[in-house]
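Heads up: the structure comes next, in structure tokens.
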Amino acid sequence: MDRLLVKGPTKLEGTVEISCSKNAYLPILAGVLLTMEPVVLVDLPKLRDVKTMNKLLAELGVVITYEGNKTTYDSSNITSCEATYELVKTMRASILVLGPLLARFQKATVSLPGGCAIGARPVDIHLRNFERMGVEIELDSGNVVAKTAGLEGHELNLSFASVGATENLMLGAVLAKGTTIIKNAAREPEIIDLANFLTTLGAKVSGEGTNEITIDGVEKLHGGEYRAIGDRIEAATYVIAGLITKSEIEVTNFIPEHLGAVFSILEGMGAKIERGENGVRVFPSTLTGATIDTAPYPGFPTDVQAQMMTLLGVVSSSSVLTEHIFENRFMHVPELNRMGAKIALNGSVAMLEGKCSYKAAPVMCTDLRASAALVLAALVAEGETEIRRIYHLDRGYEHLEKKLSALGANIKRSRE
Ligand code: EPZ
């Protein structure tokens with residue numbers, strides 16, 4: 001397995017270009033199944049999760065061709081409607097093929113995604129609401145076996161503003177008979193991007209970005225070309241890298257208002273952030289602590305919680321951070337404490353004293369964003385930090401060591 005060796009403390013400088021969003025592209029990739037005509041996706045990030053989704057699509061019969069920064073998907077000859085455990089177990093977003101397969105083929109067998117390190121992550125909201133759209137669902141030896149005479153538009157009310165459930169239901173509703181209204185829908189920018197993609201293919205979607213999305217089903221969708229938004233979570237990670245190393249860097253190719261809650265917390269801590277059209281410039285800043293509660297968009301994103309915790313470890317006063325979305329998303333805490341952070345946990349609440357100085361130590365990645373938190377600590381830690389099991393990082397950060405080295409970090413990847 002690969003590991004990263006990071007020598008600190010580091011000063012960064014220059015500009016980092018953010019890649020297209022993993023969490024926007026994963027539902028869009030599932031969406032290529034909705035049409036017989038070719039779909040071209042531009043600048044897909046080279047991430048493990050994208051590779052996994054491509055493998056799953058190819059298993060279903062999608063023909064994928066690569067040409068420079070464009071990838072063409074041909075779903076005119078789907079040969080299977082079954083997403084096997086082998087693939088689903090490595091990436092729970094595979095469940096997103098359920099909606100498109102039901103919409104186009106009226107049947108699907110998708111292995112139940114197991115939980116993952118950060119929580120049980122059930123899919124009950126997906127399944128209950130597909131049943132409301134006329135789907136019969138059975139759970140058979142770990143598989144969701146679903147069939148329908150044809151998806152019917154329906155008024156749906158999500159018990160929680162689940163991102164994945166909203167996306168899955170949108171992917172089904174675009175070809176359903178009649179109108180679907182999704183109430184208590186997730187409002188994340190990735191939902192808006194999915195709606196924009198589906199509209200490009202001829203779908204009739206409105207209300208995306210609000211908590212009520214209306215979709216008028218159409219007979220069929222045509223092909224098209226699409227490029228997803230910049231990855232706001234990757235962008236937040238680099239903004240925090242700039243702040244924790246007290247550097248001046250530019251973070252480009254993303255939409256700053258997609259990080260509104262993150263920037264208002266950081267600016268409240270004293271961060272100097274200059275916002276532009278297509279990115280931000282971060283300046284050396286003296287930072288105090290904060291009180292943070294993760295929440296669905298437009299609240300503070302749970303996907304930036306771990307990275308923020310690394311920063312809160314070194315600021316001049318104490319902080320309280322409460323994780324409201326996932327039940328077990330503090331696995332970075334013991335590792336950060338081994339590097340010198342002073343974090344106390346009480347259920348979903350983390351209390352940080354601040355004023356720590358990180359020391360290099362061998363640490364282990366446990367999940368994608370926890371891994372990013374460890375890299376941030378390693379950038380400022382005294383000495384060489386060895387970060388193991390970085391396959392977690394490769395799921396969501398394209399060319400991480402290349403981008404950080406270009407900013408001046410001393411970071412190398414090597415075989416464990
Ligand atoms: C998406 O996961 C993201 N993944 C996650 O990013 C992100 O953390 C999450 O949204 C919240 O913003 C992708 O977009 C591929 P949810 P998702 O459904 O769709 C519960 C990353 O780091 N829930 O909004 O799985 C669930 O258990 C990843 O890039 C149910 O109870 O998130 C969780 O506690 C990690 N039943 C909460 O809702 C359901 O049917 C949020 O889940 C569905 C969800």
State all residues of segment 112-150 that are touching a Phe, Trp or Tyr at 6+ places or on another chain (Cβ under 9 Å) and in a helix (DSSP H, G or I); if no residue qualifies, say none. 125
Residues of segment 357-384 classified as more than 16 Å from the ligand (Cβ to nearest atom) and open to solvent by 10 Å² or more (accessible area, probe 1.4 Å), total: 10
When both residues are 6+ apart or on different chains and their Cβ atoms are under 7 Å apart, which pairs have a first residue that lies in segment 300-326 and is modelled with pLDDT under 95 and more than 16 Å from the ligand (Cβ to nearest atom), and a second that is open to solvent by less than 30 Å² (accessible area, probe 1.4 Å) and acidic (Asp, Glu)? none
I'd like the residue in segment 342-355 that is part of a loop (DSSP other than H, G, I, E, B) and at pLDDT 95 or above and, out of all such residues, is least open to solvent (accessible area, probe 1.4 Å). 354
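In segment 153-167, how many residues are within 12 Å of the ligand (Cβ to nearest atom) and assigned to a loop (DSSP other than H, G, I, E, B)? I'd like the intermediate steps shown before the answer.
Residues of segment 153-167 within 12 Å of the ligand (Cβ to nearest atom): 158-167.
Still in the list and also assigned to a loop (DSSP other than H, G, I, E, B): 158-162.
Residues in segment 153-167 being within 12 Å of the ligand (Cβ to nearest atom) and assigned to a loop (DSSP other than H, G, I, E, B): 5 in total.
Answer yes if at least one residue in segment 230-238 is of a type outside the set (Phe, Trp, Tyr), crowded, with 18+ Cβ neighbours inside 10 Å and outside any helix (DSSP H, G or I), and no otherwise. Spell out how you get there, then give the answer.
If we filter segment 230-238 for residues that are of a type outside the set (Phe, Trp, Tyr), which is where we start, we get 230-237.
Those left that are additionally crowded, with 18+ Cβ neighbours inside 10 Å: 230-237.
From what is left, the residues that are outside any helix (DSSP H, G or I) are 230-231.
Checked segment 230-238: at least one residue is of a type outside the set (Phe, Trp, Tyr), crowded, with 18+ Cβ neighbours inside 10 Å and outside any helix (DSSP H, G or I).
For segment 301-322, which residues satisfy the criterion of being closer than 18 Å to residue 259 by Cβ and open to solvent by 10 Å² or more (accessible area, probe 1.4 Å)?
301, 302, 303
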Select from segment 139-153 the residues that are modelled with pLDDT of 95 or more and open to solvent by 70 Å² or more (accessible area, probe 1.4 Å) and write down the one among them that is nearest to residue 80 (Cα to Cα). 147
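Counting just the residues of segment 327-341 that are open to solvent by 50 Å² or more (accessible area, probe 1.4 Å) and among the charged types (D, E, K, R), which one comes out nearest to the ligand (Cβ to nearest atom)? Steps first, answer last, please.
First pass over segment 327-341, keeping only residues open to solvent by 50 Å² or more (accessible area, probe 1.4 Å): 327-328, 334, 337-338.
So of that shortlist, the ones also among the charged types (D, E, K, R) come out as 327, 338.
Working: 327: 7, 338: 22 Å.
The selected residue is 327.
Yes/no matrix, rows are residues, columns are (1) of a type in the set (Ser, Thr, Tyr); (2) farther than 29 Å from residue 227 by Cα; (3) part of a strand (DSSP E or B); (4) touching a strand residue (DSSP E or B) at 6+ places or on another chain (Cβ under 6 Å):
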position: 273; (1), (2), (3), (4): no, no, yes, yes
position: 277; (1), (2), (3), (4): no, no, no, no
position: 281; (1), (2), (3), (4): no, no, yes, yes
position: 297; (1), (2), (3), (4): yes, no, no, no
position: 307; (1), (2), (3), (4): no, no, no, no
position: 315; (1), (2), (3), (4): no, yes, no, no
position: 324; (1), (2), (3), (4): no, yes, no, yes
With the checklist (1) within 16 Å of the ligand (Cβ to nearest atom); (2) open to solvent by 10 Å² or more (accessible area, probe 1.4 Å); (3) under 25 Å from residue 102 (Cβ atoms) in hand, flag the one item residue 56 doesn't pass. (2)
What number of residues within segment 168-189 satisfy the criterion of being within 13 Å of the ligand (Cβ to nearest atom) and either among the basic types (Lys, Arg) or open to solvent by 10 Å² or more (accessible area, probe 1.4 Å) (or both)? 3
Within the set of pairs 6+ apart or on separate chains, which have a first residue in segment 224-237 that is within 13 Å of the ligand (Cβ to nearest atom), a second that is of a type in the set (D, E, K, R), and C-beta atoms under 7 Å apart? 228/193; 229/193; 231/22; 233/303
Selection from segment 91-134 of residues free of Cβ contacts under 8 Å to residues at least 40 places away in the same chain, open to solvent by 10 Å² or more (accessible area, probe 1.4 Å) and more than 13 Å from the ligand (Cβ to nearest atom) yields 105, 109, 132, 134
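Within segment 207-222, does at least one residue satisfy the condition of being more than 16 Å from the ligand (Cβ to nearest atom), within 24 Å of residue 307 (Cβ to Cβ) and modelled with pLDDT of 95 or more?
Within segment 207-222, the subset more than 16 Å from the ligand (Cβ to nearest atom) is 207, 210, 212, 214-222.
With within 24 Å of residue 307 (Cβ to Cβ) added as a condition, the list becomes none.
Checked segment 207-222: no residue is more than 16 Å from the ligand (Cβ to nearest atom), within 24 Å of residue 307 (Cβ to Cβ) and modelled with pLDDT of 95 or more.
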Considering (1) open to solvent by 10 Å² or more (accessible area, probe 1.4 Å); (2) farther than 30 Å from residue 409 by Cβ, say which one residue 275 fails and leave the rest. (2)
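The values are calculated or read from the model by the stated rules, or taken from the named source; none is laboratory data. A quick note: this is a predicted structure, and the numbers were derived from the prediction, not measured. Positions of Cβ are generated from backbone atoms using ideal geometry, with glycine treated the same way; all protein chains shown enter the neighbour counts. Side chains are part of the model used for accessible areas, which takes the heavy atoms of the whole protein and leaves out ligands, DNA and RNA. Shrake-Rupley method; radii C 1.70, N 1.55, O 1.52, S 1.80 Å.
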